[in-house]
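A quick write-up on the structure given underneath.
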Amino acid sequence: MPSPNVHPFVWLLRKECRELLVSRSWWLLLFLMGPLTGMPYLSALRAYAEMSKQGGTVADAGEVLSPLTGVWAPAFSGCELAGVFLLPFVAIRIIGADRLSGAAKLELQRRSSPVSRIAAKALVALGGWLIAMAPAGCALALWKYYGGLLHWPEVGSLFTGHILNAGLMIAVAAAAASVTEHPSTAAVMTLGVTVGTWIVNFFAALQGGLWERAAAFTPAAVVGDFQRGLFRMDSTLVALVLVLTGLGLASIWQFTGVRRLVNLARSAALIVTAVAAIGGASRVRLDWDVSQNRANSFPLADELALLRIRQPLRIVARLAPEDPRRADLERNAFAKLRRTVPDVEIAYLASTSTGLFEQAAEGYGEIQYDMNGRLLLSRATSVDGVLEAVYAVSGTEAAKNVQEVVFRGRPLVIDPAGGSTIFYVLIPGFTLLCGVLAHRHFTWLPK
């Protein structure tokens, strides 16, 4: 037995660190992270260099050369893939394997509470994920070595998005591993939750409405916002509530000697509380556009003018969910309008999901703007068309004499020499060597 002078939580952290070091699933995750990061990153670098050659010297062509969307987001795409399909197995190994190995009895002898046990396991799993993100950090270092510039708010946004995604996956895996009796069952349940979020996104694209609202808080949507440099407080708070809920469910089912009905009642109460908290968090309207090219915002002159609109603005667009004009309108104009106008309500109307048989219907494709009874109909789906309609119905105009620094892009013609060797050979080889040494000498950790 370990020394009684060691605090139970510290002892738990040490034990879970040893478990992580001998976990084959974690070492496999580290082994695969190099190729998963290198493949999209090196392809993005070559495409970025080609675009820089063709139009990097032209004044307006450089605006599309944003390192965030052109290089860094592809470099982190491997983290999203690994976080969804590989990280849950590591978390299940840490949390659920104790029942099979008998290590849970040692934890009970230390008189550790279920909350502290789950907290220690979640912290170690998150720490293991931060180590697994090292190849993505290596990609940023290579970009700097090749002569590129790093915009730290964008880098921070990327890391935050993927850490939140990892936290969600760890929480889901923790809850599944605690509720079920076997790690394989927990893996299937976790995969079911992941597929469920994809189904929500699918129905959001077909049906819109509440499905579309719910899809905005799925892990894929949260990561997508952060990859564009948009730090949304509502999705961040919702993600944190879901993480705490998952870990709370795991803690509830860690109690021993408690009847199943009691655990079910506690779980139901926790879920009801979480739903209420999510409802409040989803109404928070606070976000920051940290991208260099302000891709999530209107030009500064228009933004200042729209902020002066205090009257409620209602917009109804008659476009089907699968109409490509609706996707462009939402991404390029309406999403920015929600961030800027203090009181705006946007709704979509359609009789079908595709709009294929509505094209000839009267009024299809129209966008109605309403402000205090003043109506305006338009069919323009471009950013300029939407702004003109909003200005016309509100009686305002764009601010004048506003100085704004226009982002011209960061063109960089490079040859990613050595990148393939680093991501396909050095990182996997170093991981393999460390894994072998850890399995032989993991007992060096203090007990």
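Candidates in the stretch 83-117 are the residues that are crowded, with 24+ Cβ neighbours inside 10 Å and at pLDDT 90 or above; of these, the one that is farthest from the chain's Cα centre (by Cα) is 92. Determine whether the stretch 54-74 contains at least one residue that is hydrophobic (A, V, I, L, M, F, W, C), part of a helix (DSSP H, G or I) and at pLDDT below 80. Yes, the conditions are met somewhere in the stretch 54-74.
For the stretch 151-167, the set of residues classified as farther than 16 Å from residue 128 by Cβ and in contact (Cβ under 8 Å) with a residue 40 or more places away in the chain consists of 151, 153, 154, 155, 156, 157, 158, 160, 161, 164, listed by residue number. Only one entry in 257, 248, 229, 280 is in contact with a His (Cβ under 9 Å, 6 or more places away or on another chain) and assigned by TED's automatic domain parsing to the domain that holds residue 197, namely 229.
Surrounded by fewer than 21 Cβ atoms within 10 Å (Cβ to Cβ) and touching a strand residue (DSSP E or B) at 6+ places or on another chain (Cβ under 8 Å) - does that describe any residue in the stretch 150-164?
Within the stretch 150-164, one or more residues are surrounded by fewer than 21 Cβ atoms within 10 Å (Cβ to Cβ) and touching a strand residue (DSSP E or B) at 6+ places or on another chain (Cβ under 8 Å).
For the stretch 193-210, does any single residue satisfy the condition of being within 24 Å of residue 265 (Cβ to Cβ) and touching a helix residue (DSSP H, G or I) at 6+ places or on another chain (Cβ under 7 Å)? Scanning the stretch 193-210, I find at least one residue that is within 24 Å of residue 265 (Cβ to Cβ) and touching a helix residue (DSSP H, G or I) at 6+ places or on another chain (Cβ under 7 Å), so the answer is yes. One residue stands out in the stretch 285-312 among those that are surrounded by 16 or more Cβ atoms within 10 Å (Cβ to Cβ) and among the charged types (D, E, K, R): the one that is farthest from residue 72 (Cα to Cα), namely 302.
Filtered by the rule that a residue be in a loop (DSSP other than H, G, I, E, B) and not acidic (Asp, Glu), the stretch 406-422 gives 406, 407, 408, 409, 410, 411, 412, 413, 414, 416, 417, 418.
Got a sec? Which of 251, 297, 282 is closer than 21 Å to residue 166 by Cβ and out of contact with any Gly (no Cβ under 8 Å at 6 or more places or on another chain)? When all the criteria are applied, what remains is 251. Checking each residue in the stretch 274-286 for being part of a helix (DSSP H, G or I) and farther than 16 Å from residue 250 by Cα picks out 275, 276, 277, 278, 279, 280, 281. Among the residues of the stretch 211-248, those identified as more than 15 Å from residue 163 (Cβ to Cβ) and hydroxyl-bearing (Ser, Thr, Tyr) are 218, 245.
Does residue 197 meet the test of being crowded, with 19+ Cβ neighbours inside 10 Å and part of a helix (DSSP H, G or I)?
yes
Within the stretch 225-257, the residues that satisfy the criterion of being over 20 Å from the mean Cα position of the chain (by Cα) and surrounded by 13 or more Cβ atoms within 10 Å (Cβ to Cβ) are 248, 249, 250, 251, 252, 253, 254, 255. Does residue 392 satisfy the criteria of being small (Gly, Ala, Ser), free of Cβ contacts under 8 Å to residues at least 40 places away in the same chain and assigned to a loop (DSSP other than H, G, I, E, B)? Criteria not met by residue 392.
Only one of the listed residues (418, 429) is out of contact with any strand residue (DSSP E or B) (no Cβ under 7 Å at 6 or more places or on another chain), at pLDDT below 90 and small (Gly, Ala, Ser). That residue is 418.
The values are calculated or read from the model by the stated rules, or taken from the named source; none is laboratory data. Given the structure is predicted, the values throughout are model-derived calculations rather than measurements. Positions of Cβ are generated from backbone atoms using ideal geometry, with glycine treated the same way; all protein chains shown enter the neighbour counts.
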